[in-house]
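The values are calculated or read from the model by the stated rules, or taken from the named source; none is laboratory data. Computed from a prediction, not measured in an experiment: that's the story for all the values here. We place every Cβ from the backbone using ideal geometry, glycine too, and count neighbours over all the protein chains shown. Surface areas here come from the heavy atoms of the whole protein model, side chains and all, with no ligands, DNA or RNA. Shrake-Rupley method; radii C 1.70, N 1.55, O 1.52, S 1.80 Å.
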Amino acid sequence: IDSMDLNGQKSLVIFHENGDDDEQGEVKKVAKDVAAKVGDDINICWSLDGGGLGARIREVVGMSNTSEEAAMVILNIPDNGGYYKTEVTDITVETVMNFIESPGERLQLSRE
């Protein structure tokens, strides 16, 4: 994940820190397939280890540290720190596209 990308454009982040190599490989494949579909409208990123920027994103959006399940969040920092969460843990091209198209309620990052 590149922090410059997150600050400058709406971004979807897929988390699967505790996935095995096959599961993490599938997350990368899905992310790349979705990125090809959406073009430059939204950055598609993944976080597959428990540290770094992924851990910080989990913290600021109020997600648990890590879990056995995959997770997704859309960050829209250019929109005054808006973000969106979903309970969907089955990461497929279809579920990711559905989240992008219908993200649900806009939440607000705190300004601490």
| said: If I stretch the segment between GLU105 and SER64 completely, what's the gain in nm (0.36 nm per residue apart, minus their alpha carbon distance), one decimal? | reply: 12.8 nm
| said: If each DSSP helix of 4+ residues adds -39,500 (n - 2.57) and the sum is divided by the residues in the chain, what number results at 222 nm, nearest 500 deg cm²/dmol? | reply: -11000 deg cm²/dmol
| query | Given the protein chains as shown and a 1.4 Å probe, how many square angstrom of LEU53 are accessible, to the nearest 10? | reply | 60 Å²
| message | If the only charges are +1 at each Lys and Arg Cβ and -1 at each Asp and Glu Cβ, what is the size of the charge dipole of the chain around the Cα centre, to the nearest 20 debye? | response | 500 debye
| Ignoring ligands, DNA and RNA, what percent of the 1.4 Å accessible area of the chain is carbon and sulfur? | 42 percent
| Options (1) 45.1, 154; (2) 14.5, 46; (3) 12.8, 38 - which one matches Rg and Dmax of the Cα atoms in Å as calculated here | (3)
| note | A chain fully extended from ASN98 to ASP21 at 0.36 nm per residue, minus the present Cα-Cα distance, gains in nm 25.2 nm
| Per residue, in Å², the accessible surface of segment 26-112 once ligands and nucleic acids are set aside, probe 1.4 Å | 58 Å²
| Expressed in nm to one decimal, what extension gain is obtained for the pair ASP33 and ARG56 from 0.36 nm per residue of sequence separation less their Cα-Cα distance? | 5.7 nm
